[in-house]
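Colleague: Right, I'll just put the structure down here and ask away after.
The values are calculated or read from the model by the stated rules, or taken from the named source; none is laboratory data. On a predicted model such as this, the values are computed, not experimentally measured, just so you know. In this analysis, Cβ positions are derived from the backbone assuming ideal geometry, glycine residues included, and neighbour counts consider all displayed protein chains.
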């Protein structure tokens, strides 16, 4: 899913919530699903999404390589990085 399609899906979820067609939990689920789908397909030149596993949680960050993903995850969170895997397509 590209960025425009993702934003369209987020807008549709917000509009449905505003019209009273769905509750907040459903809107959150739809927005989360759209963003997660976008992240799994993210590939922008040299940048890719990586899943960085920690001891107590897992984060997904955008980086140029697995080592860069480790650094970014550490800089953005208090995670102690373990395994790192590219999200979506296999390398």
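Colleague: Only residues in the stretch 1-21 that are in the same structural domain as residue 32 (by TED's automatic domain parsing) count as the first member; pair them with residues that are exposed (fewer than 13 other Cβ atoms within 10 Å of the Cβ) and not in a helix (DSSP H, G or I), Cβ under 9 angstrom, at least 6 apart or cross-chain, and list the lot.
Modeller: Matching pairs, first to second residue: 15/21; 17/23.
Colleague: For the stretch 80-89, how many residues meet the condition of being within 10 Å of residue 50 (Cα to Cα), in contact with a helix residue (DSSP H, G or I) (Cβ under 6 Å, 6 or more places away or on another chain) and modelled with pLDDT under 95?
Modeller: 2
Colleague: Could you tell me whether residue 23 is surrounded by fewer than 17 Cβ atoms within 10 Å (Cβ to Cβ) and modelled with pLDDT under 95?
Modeller: Values: surrounded by fewer than 17 Cβ atoms within 10 Å (Cβ to Cβ): yes; modelled with pLDDT under 95: no.
It is false that residue 23 is surrounded by fewer than 17 Cβ atoms within 10 Å (Cβ to Cβ) and modelled with pLDDT under 95.
Colleague: If you go through the stretch 26-60 one residue at a time, how many are more than 20 Å from residue 4 (Cα to Cα), in the same structural domain as residue 78 (by TED's automatic domain parsing) and surrounded by 13 or more Cβ atoms within 10 Å (Cβ to Cβ)?
Modeller: 8
Residue-wise test of (1) in contact with a helix residue (DSSP H, G or I) (Cβ under 7 Å, 6 or more places away or on another chain); (2) farther than 27 Å from residue 9 by Cα; (3) touching a residue at least 60 places away in the same chain (Cβ under 8 Å).
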site: 24; (1), (2), (3): yes, no, no
site: 27; (1), (2), (3): yes, no, no
site: 32; (1), (2), (3): no, no, no
site: 43; (1), (2), (3): no, no, no
site: 59; (1), (2), (3): yes, no, no
site: 63; (1), (2), (3): yes, no, no
site: 69; (1), (2), (3): no, yes, no
site: 78; (1), (2), (3): no, yes, no
